[in-house]
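Readers should treat all values here as calculations from the given coordinates under stated rules, not as data from a laboratory. Keep in mind the model is a prediction, meaning the values are calculated, not measured. Counting neighbours? That spans all protein chains shown, and the Cβs are built from the backbone with ideal geometry, glycine included.
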Amino acid sequence: MLPTPVQPLAPRTSTRTASTQTASSPTSVEALFVYESEGDEPHVLLPRPEIHIAVRFGPAARGGLDAHALGGRERVHRKVVRSGQRTLMARLRLGTTEAVLGVPASVLAGRVVCLEDLWGDSATRRLLDRLAQARNTIDAAGIVEQAIAERFAAAAARRQHSLLALGAAQQLTNCHANVSEVAVELGVSERHLRRIFRQAVGVSPKTFAKLTRFRRALRAARADDTVGWASIAVAAGYYDQAHLIAEFRSIAGRTPRALLGELRAAASSSATESSLGQ
């Protein structure tokens, strides 16, 4: 099959069509290819390390239209392309697999995986519904490339959000800063910080700061029982001792002193059980 210009999706003799990458996805799609056939014929796939997304049109596809991710291969693969089948292939650039498909390339190596198992039923159905309406090969290629570009961009945004959230967590942990101060330091709104922090960490920055103060105060109290709670409160980042007591009651249902006694009793009991078991 020799490369030829992109043609409309219409019955025709067997061809392989190569499409150069467009500016819409400069770092995720290396190339697009279309394979079309009117009659059954043997097809030889040479091994490549890159991951491909393959969309099949025709009787060989489930429901006449399906999509798969093809892992990198180490050996030549031979198959028979059935009459009337058209396959649109998108070759992903090396290093972009996890961003686009959600799993490392190693997971896909040598495998053919249904796209819905990687993107989920909803996202895959949206893609297939759009492809079913494609007027020609150029439209279909653009739809696939756009879908890949959107996945890649969303992954890049998630990475940036995770880095921002981790930076905020570090400041909340080490600098005793409040959420408003951290947002200003990072150059984002407090609302934006709250949203991405919860997505990346699982709790709000306010709750994270609260738990961090709690652990810091408890650690200080357990390390030195001669230090007063007022001093611990200031060192741990509380406004005052009353603030510390209120948050301990909220988190542990105990006063600081009662919780400390409970923990010491539990530790003593565990040590005794360990000793008896020896």
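Quick notes
- The fewest-to-most ranking of 139, 225 by surrounding Cβ atoms within 10 Å reads 225, 139.
- Neighbour-count ranking [beta-carbon atoms within 10 angstrom, fewest first] of 197, 208: 208, 197
- The structure shown yields log10 I(q)/I(0) by the Debye sum over Cα atoms at q = 0.07, 0.15, 0.16 Å⁻¹, and of the options [x] -0.23, -1.15, -1.32; [y] -0.27, -1.19, -1.34; [z] -0.48, -1.05, -1.15 that calculated value carries the label [z].
- Taken along the Cα-to-beta-carbon direction at a fixed 7 Å, the label points for residue 135 and residue 220 span 7.0 nm.
- The charge dipole of the chain, taken about its Cα centre with unit charges on the Cβ of Lys, Arg, Asp and Glu (plus for the first two, minus for the last two), comes to roughly 180 debye.
- Rounded to 5, the percent of DSSP beta bridges in the chain classed as antiparallel: 95
- Per residue, the chain reaches -16500 deg cm²/dmol at 222 nm when only DSSP H runs of four or more residues are counted, each adding -39500 (n - 2.57).
- To the nearest ten degrees, helix 241-252 and the longest principal axis of the Cα atoms of the chain are 50 degrees apart.
- Exposure proxy ranking, count of Cβ atoms within 10 Å, fewest first, for 97, 207, 212: 207, 212, 97
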